[in-house]
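Engineer: Before anything else, here's the structure in question.
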Amino acid sequence: MSYTPAQPKTLGLVQFTDIDLHEIVPFIHWTFFFMAWRLNGKFEGIETVCDCASCQVGWLQKFSPEERPKAQEAVKLYKDAQEMLRRFLDEKIVTINAAVGIYHAHSEDEDIVFDLDEKSVRIPTLRQQQPSTDGFCYSLADFLAPENDFAGVFANTVIGADEFASKFEKEDDMYYSILVKTLADRLAEATAEWLHYKVRKKIWGYMPDEPVDIREMFKTHYTGIRPAVGYPSLPDQSIIFELDQLIRFNELGITLTENGAMYPNASVCGLYFAHPKSKYFNIGKIDEAQFLAYARRWNKNPEILRKWMAANL
C-alpha cells in the first residue's frame, strides 16, 4: 500500500491543558452514552426536546407504543446529563487535558518504529489470521511506509470526575455517581474526536480542507485512524508503557497502574495513522507461533506476556 506521506505541519509533542468544555461537548456521541445505560436505540432530535409537556409528547409520538417507555427514559437521562454538564462548567468540576505527538516513523515487517532524534521507540504489532471482509489480513504496520514516513501518538484525560462521583457514592446516590462516570467517559471519547480533527486539519494537516461535520466524523468518514490501546487492532495493553516515552502521561495528569490502566479512568490513548487506506480491524485470535514470534520481537518473557494477551490466544 504505497503512498506519498504528508509532511506534518508540526513535529514533536503538542500539549493542551484545561481545554474549554464548550469545545468538547459538541463532539459527544450520545448514542454510546445511552448504550452505557442499556438504552439501545436511536433518539434523534432528543436535543430539541424542551421541558414543556407538549414538546415531550410531540417527540415521543415519533416512536411506536412499545418504544415510548425507553424513549421517555432517554429524555430524562439526557436532561440530567445536560444539567450535570452545566455543573461541570459552573463549578469547574473537571479539567480536560490532551497531548499529541507526531514523529518520524517507519515500518519493519509488523513493527512500528518511531524515529526520535536521540533514540528509536519500537512498537511490535500483531497481524490478523482471519482475513477482513476484503480478504486481507491486516497489521497496523501496513499503514506505514518502510522509510521516511510519520505516525502519531495521542492521549487525553478528564480530571476531577472520579473524585466528584465518589462524593455521590458516600451519600449512597449511585444514580448520580454513575451519571458522572458515564458522562466523563463520553467526554474523554469526545476529546479524542476533537483532537483527531485538529490533527487532520492543523497539527499534522494532511486534510486541511476537511469540513466540520461531526455526524460524519462519528461514521469515521475521514482519512486516517486512531486505534486506541486495548482496542481490537491494538489489543496488547502493555504497549502503553512504551508510549509513555512519546506522550509523557504524567504531564497530562495521567498515571499508569502496573496493569497498564490509566487513571483518571476517563482517559484514552492510542496511535495516529494518516495512510489514505488505513482502516479499523479486529486482530482476533492468534496462534502460538505468532504469539511466540511477537514475544521475541518484544524481548519479553512469553509467560508474562501471555497474561496480557489472554483474550487473543
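Engineer: Normalised by the residues of segment 196-313, what does the relative contact order come to in percent, with Cα pairs under 8 Å and at least six apart?
Structural biologist: 27 percent
Engineer: For segment 39-99, place one equal point scatterer on every Cα, skip the solvent, and apply the Debye formula. What is log10 of I(q)/I(0) at q = 0.12, 0.18, 0.19, 0.28 Å⁻¹?
Structural biologist: Scattering profile of segment 39-99, log10 relative to I(0): -0.39, -0.69, -0.73, -1.18.
Engineer: Follow-up question, since we're still on this one. Against the longest alpha carbon principal axis of the chain, how many degrees, from 0 to 90 and to the nearest 10, is the axis of helix 174-198 turned?
Structural biologist: 50 degrees
Engineer: A further question on this structure: With a cut-off of 8 Å between alpha carbons and a minimum separation of six or more residues, what is the relative contact order of segment 225-264 in percent?
Structural biologist: Working: 27 pairs, mean separation 11.1, N = 40.
Contact order relative to length: 28 percent.
Engineer: Helix 288-298: angle to the longest alpha-carbon principal axis of the chain, degrees 0 to 90, nearest 10?
Structural biologist: So the helix axis and the longest Cα principal axis differ by about 80 degrees.
Engineer: Further, regarding this structure: For the chain, just say rounded, prolate or oblate: build the C-alpha gyration tensor, square-root its eigenvalues into a ≥ b ≥ c, call rounded for a/c under 1.5, and beyond that prolate if a/b exceeds b/c, oblate if not.
Structural biologist: Judged from the Cα gyration tensor, the chain comes out prolate (a/c at least 1.5, a/b above b/c).
Engineer: Express the relative contact order of the chain as a whole percentage, based on alpha carbon pairs under 8 Å and six or more residues apart in sequence.
Structural biologist: On the way: 492 pairs, mean separation 71.8, N = 313.
Reported relative contact order: 23 percent.
Engineer: Among His221, His196, His29, what is the fewest-to-most ranking by other Cβ atoms within 10 Å?
Structural biologist: In increasing order of surrounding Cβ atoms, one gets His221, His29, His196.
Engineer: With axes computed from alpha carbons, what is the tilt in degrees of helix 161-170 against the longest principal axis of the chain, rounded to the nearest 10 within 0 to 90?
Structural biologist: 50 degrees
Engineer: Here is a follow-up. May I ask you to list the trypsin sites (Lys or Arg not before Pro) in segment 52-141 that are in a DSSP loop and have at most 14 other Cβ atoms within 10 Å of their Cβ?
Structural biologist: Lys62, Lys92, Lys119
Engineer: Which net charge results for the neighbourhood of Ala155, defined as the other residues with beta-carbon distances under 12 angstrom from its beta-carbon, given Lys and Arg at +1 and Asp and Glu at -1?
Structural biologist: 0
Since every read-out is calculated from the coordinates, none of them should be taken as a lab result. Please read all numbers here as calculations on a predicted model, not as lab measurements. When we count neighbours, we look across all protein chains shown, and the Cβ atoms used for this are built from the backbone with ideal geometry, even at glycine.
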